[in-house]
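The values are calculated or read from the model by the stated rules, or taken from the named source; none is laboratory data. A quick note: this is a predicted structure, and the numbers were derived from the prediction, not measured. Methodologically, a virtual Cβ is constructed for each residue, glycine included, from the backbone with ideal geometry; neighbour enumeration extends over all protein chains shown. Just so you know, the surface numbers come from the protein's heavy atoms only, side chains and all, with ligands and any DNA or RNA stripped out. Shrake-Rupley method; radii C 1.70, N 1.55, O 1.52, S 1.80 Å.
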Amino acid sequence: TKGTGTGTDSVNKLESLEHTIFIEGIPFEYKEDDVKEFFIKHGCDDILQMRMPTWQDTGRLRGFGHIVFDSTESRNKALTELNGQNLGRRYITIQAPKARGSGGGGTNGKPREQPEGCCTVFVKNLPYRDITEDDIHDIF
């Protein structure tokens, strides 16, 4: 969910690790608004963006996410004062985010090597029925 930030300064902040935290331990029954309310209650009210993944089948939060603040003061307060706090009977962990490509996927952030002449395109969210390889080929 995007906040009220405007202009290129906000765009830069949305991409900045210095304005972002990673939070985990969020109760599954919580909604984004509940998490936002927690931060506002604790003096970190300048949230620009919340990136909270949800389960596809239920729409419930997956228990972790990234929050971008307008100020580094709010980010630092969240890291130092809110880490380990109780949120809905669960203790949350708040950390500085890792740089993109610095983990996960088992490739250590490096792209997988492709055979010579290989051109691979990953396409997701295709329907399970009524589509053929020729249909996909026609699109590209």
So, first residue under 13 Å from residue 21 (Cβ atoms) and open to solvent by less than 40 Å² (accessible area, probe 1.4 Å) in segment 37-48, second residue among the small types (Gly, Ala, Ser) and part of a loop (DSSP other than H, G, I, E, B), Cβ within less than 6 Å, six or more apart or across chains; the pairs are 46/71; 47/3; 48/3; 48/5
Scanning segment 72-101 for residues that are surrounded by 14 or more Cβ atoms within 10 Å (Cβ to Cβ), of a type in the set (Gly, Ala, Ser) and either touching a strand residue (DSSP E or B) at 6+ places or on another chain (Cβ under 8 Å) or modelled with pLDDT of 95 or more (or both) gives 74, 78
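Do we find that residue 66 is more than 13 Å from the chain's Cα centre (by Cα) and at pLDDT 95 or above in this structure? Don't jump to the end; show me each part of the working.
Values: more than 13 Å from the chain's Cα centre (by Cα): no; at pLDDT 95 or above: yes.
Taking the combined requirement at face value, the residue does not satisfy it.
Scan segment 27-82 residue by residue and report those that are assigned to a strand (DSSP E or B) and touching a Cys at 6+ places or on another chain (Cβ under 8 Å). Break it down into steps so the answer makes sense when it comes.
Taking segment 27-82 first, the residues assigned to a strand (DSSP E or B) are 47-51, 54, 61, 64-69.
Residue satisfying the conditions is 69 alone.
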For segment 119-136, pairs from a residue that is farther than 23 Å from residue 56 by Cα and part of a helix (DSSP H, G or I) to a residue that is open to solvent by less than 90 Å² (accessible area, probe 1.4 Å) and aliphatic (A, V, I, L, M), with Cβ under 8 Å and 6 or more apart or across chains, are 136/123; 136/126
Test residue 29 against the criterion of being acidic (Asp, Glu), surrounded by fewer than 18 Cβ atoms within 10 Å (Cβ to Cβ) and at pLDDT 95 or above, and give yes or no. no
